[in-house]
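The values are calculated or read from the model by the stated rules, or taken from the named source; none is laboratory data. Here the structure is a predicted model, which means the values were calculated and not measured. Methodologically, a virtual Cβ is constructed for each residue, glycine included, from the backbone with ideal geometry; neighbour enumeration extends over all protein chains shown. Ligands, DNA and RNA are stripped out before the accessible areas are found, and what is left, the full protein with its side chains, is counted by its heavy atoms. Shrake-Rupley method; radii C 1.70, N 1.55, O 1.52, S 1.80 Å.
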Amino acid sequence: MFNQVQTDLFRKHIGPFLFCFFTVMFLLLMQFLILHVDKLVGKGLPFLIVSELILSNLAYMVVLAVPMAVLVSTLIAFGKFSEWNELTAIRAAGINPIKLMAPMILGGVFLFGLMGYFSNYILPESNHKARSLFLDIRMQKPAFDLQPGIFYEDLDGYTFLINKIDSETDSLYDVRVFQDATDNRKEAYINAERGWLESPDQYTLSLYLYNGSSLRYIPGERRDEQTLERSNFSTYRMSFDLTDLSFSRSNPEQRSRNDRTMSAQAMLAVVDTLRTEQQREIEKFKRNTGQDHQIPFHSEPGGSLNLIRGDLQDTLQIYQSDLTILNLLPNPSTKISSINKAINTIDRYNSELDNLKSNVSWRDLRQAEFLVEVHKKFSIPFACIVFVFLGAPIGMLTRKGNLGVAALISGGLLTIYFIAIIQGEKLADRLIISPFWGMWGINIFFLAVGIILTLHVSTSIRITNLFRRDE
């Protein structure tokens, strides 16, 4: 299907592609851990839970890393091809350089299809599981971890204060325990010279105290009566239930989904529902205002409404109104009644109109958010094709196939690309531009630039010739 030159050039993409892919994945993973390490440390989470959380978040990293790897590998492969004068030999043999791009274009189309499917079906499920797991971790109480000189209050009903902890023997010194009153125990204050902890399993904890005393508050028959009981001990044992500190996981399917955890089909169904609700709101507005067509009367500042209000104030003194219809009424009382009805009707109309605008605009914003996510699911994977058209001619023109030059050029291009994606999403969410242009605008621009550069290196067509005047 492909000649030897095309096959060799395609093989030159594989190494840089894999290297760049795993490098970007590592950097994104480190960024994720740095951002969320404070939410994971100190909660006694099982290793499998932390591993599952990391694996669930790898999905969005894959969607970002693949297009980046395509751009870098294309720049390196075609840069080396041009640097070693193979491109000059190909041209001398009468072969159009654009034919060399055919395998990479097909590869880009394949990656686009693969990543489009991944982004639409696998990514939402991974995001949903990661989001549910994050919520479970956020609700998880910290593990039983005593620190010297710091109050520990995460065990319900108890407060601990330890003056010194021997890390080698796990011995506790100058121990104070404040016990809250419950139905089964009385309020107490316990202190001891030393102690140590023993945990036969992850749900039970025993605290052994030595050479101490306890103060217990015993309520009397009356509310204001209370007896203080003091006792000394040489050995004292306290047991605690750590069930509340154990990690409890919820069912992800019982949690609601948002735009990041839904497929394109599900979001389009939501958009269709929002549009139906908008139509119902419009019909409801027409019914409530008694209008089946466009309202011919609008109350603007200084307009008819103000004229009616002014006429109401002067009706008892002035019998001739600026409104012709009022002059046809028989007496001032009828005029006042008519004006009051008109004002009430207009106020009710304005109230219904404001309510309609609020309901419609809110649904417009929700539709924009969902449509942005729908377009994003395919616009970012489509960059796999765009970056082939953009990276191949740039690599031929630079004649440099080393990683440093490729990283520098791709860094600039990717910065522009993702800034455009992020800003396009914000503008589309605010209804300043359409979701299509917000997500596809940078793809269309880069693709146009790539096609122009491809024509530049493969034909005699020059963009500057289009603007040159014939002499």
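Points worth noting:
- Region 335-471 - Rg (one decimal) and Dmax (whole number), Cα, Å: 25.5, 89
- Whole-angstrom gap from region 359-428 to region 112-138, using each part's C-alpha centre: 20 Å
- For region 356-409, carbon and sulfur atoms together expose 66% of the accessible surface, with a 1.4 angstrom probe and every protein chain in place.
- A Förster radius of 25 Å combined with the Cβ-Cβ distance from residue 403 to residue 85 puts the calculated FRET efficiency at roughly 0.80.
- Calculated FRET efficiency for the pair residue 286/residue 419, C-beta based, R₀ 56 Å, to 0.05: 0.80
- Theoretical gain in end-to-end length, residue 152 to residue 358 [0.36 nm per residue, Cα-Cα removed]: 69.3 nm
- Using a simple spin-label model with pseudo-atoms 7 Å out from Cα toward Cβ, residue 117 and residue 199 lie 4.6 nm apart.
- Accessible surface of region 1-137 [probe 1.4 Å, protein heavy atoms]: carbon and sulfur percent: 73 percent
- Nearest-0.05 FRET efficiency for residue 26 and residue 173, computed from C-beta distance (R0 30 Å): 0.10
- Restraint check, 129/377; 129/357; 12/99; 286/377; 286/426; 129/426, Cα-Cα greater than 28 Å: 129/357; 286/377; 286/426
- Segment residue 40..residue 234, full-extension length gain: 65.9 nm, with 0.36 nm per residue of separation and the alpha-carbon distance subtracted.
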